[in-house]
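Worksheet: one structure, shown below.
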Ligand code: HEM
Ligand code: HEM
């Protein structure tokens, strides 16, 4: 973790990558929780699950590029000095979110594919259903669902941290990701 390069500021591509994938990721996340935890069986729930899976695959496609670009470019140094534990937890959360961008769709696709279900990707193409291999499907969902709760905690820290830097510390953490510094 200590070996990563550090860049001076977020370029346009980094900001576009961050906000586009963040918006799609959050949409898939919220739709997933709503459909699987709160909605009764029916047509609407079925449509939400279809949207969750299709848009999740789009996150993988855009996210693979986004994660590759961050790994290639390295991370930025912190916008201001802060206690070591804050630096470490912010970096840990960034790594967890980067991993989640790949692990969520991949684990969901493994669960679904080997559960014998196809995935229609936003009317663009369809990933055919695989053979039913129960243990592989169980592993896929066994990663997917606990990851959701871990990621929820990480997201609360991430967004809370960004707001804390902006409102309390009044540093450039948020504005430099928005392109205003
Ligand atoms: C960015 C991508 C994704 C995110 C953030 C995400 C997130 C979530 C969340 C929050 C849940 C609810 C967990 C719960 O039950 O409490 C969930 C469940 C689920 N997701 Fe995803 N997901 C993603 C991609 C996918 C993909 C690509 C597929 C399949 C192709 C998929 C299939 C499923 C299924 C089948 C469940 C229900 C699992 C179960 O209850 O056993 N997800 N996902
Ligand atoms: C409203 C929601 C969000 C806000 C306000 C927000 C804010 C920020 C800010 C201000 C930074 C810069 C931190 C720094 O330079 O030290 C950042 C970086 C980052 N954010 Fe977010 N973020 C949000 C959602 C997300 C989501 C949903 C993800 C993951 C899917 C994510 C993943 C990352 C990662 C990995 C970084 C590290 C730099 C990079 O690779 O772009 N963020 N975020």
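Can you tell me which residues in segment 145-181 are within 22 Å of residue 109 (Cβ to Cβ) and within 9 Å of ligand 2 (Cβ to nearest atom)?
At the first step, the residues of segment 145-181 found to be within 22 Å of residue 109 (Cβ to Cβ) are 145-152, 154-155.
The answer is 151, 154, 155.
Residue by residue, here is whether (1) within 18 Å of residue 118 (Cβ to Cβ); (2) within 11 Å of ligand 2 (Cβ to nearest atom) holds:
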position: 23; (1), (2): no, yes
position: 35; (1), (2): yes, no
position: 47; (1), (2): yes, no
position: 51; (1), (2): yes, no
position: 56; (1), (2): yes, no
position: 70; (1), (2): no, yes
position: 77; (1), (2): no, yes
position: 81; (1), (2): no, no
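Residues are listed down the side, and each one gets a yes or a no for (1) within 21 Å of the chain's Cα centre (by Cα); (2) in contact (Cβ under 8 Å) with a residue 40 or more places away in the chain; (3) farther than 17 Å from residue 26 by Cβ:
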{"position": "136", "(1), (2), (3)": "no, no, yes"}
{"position": "140", "(1), (2), (3)": "yes, no, yes"}
{"position": "144", "(1), (2), (3)": "yes, yes, no"}
{"position": "150", "(1), (2), (3)": "yes, yes, no"}
{"position": "154", "(1), (2), (3)": "yes, yes, no"}
{"position": "162", "(1), (2), (3)": "yes, no, no"}
{"position": "169", "(1), (2), (3)": "no, yes, yes"}
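Only one of (1) surrounded by 16 or more Cβ atoms within 10 Å (Cβ to Cβ); (2) under 22 Å from the mean Cα position of the chain (by Cα); (3) not in a helix (DSSP H, G or I) fails for residue 79. Which number is that?
(2)
We did not get these values from a lab; they are worked out from the coordinates using the rules stated. What you are looking at is a predicted structure, and each value in this text was computed from that prediction instead of being measured. All Cβ positions, even for glycine, are placed from backbone atoms using ideal geometry, and neighbour counts span all protein chains on display.
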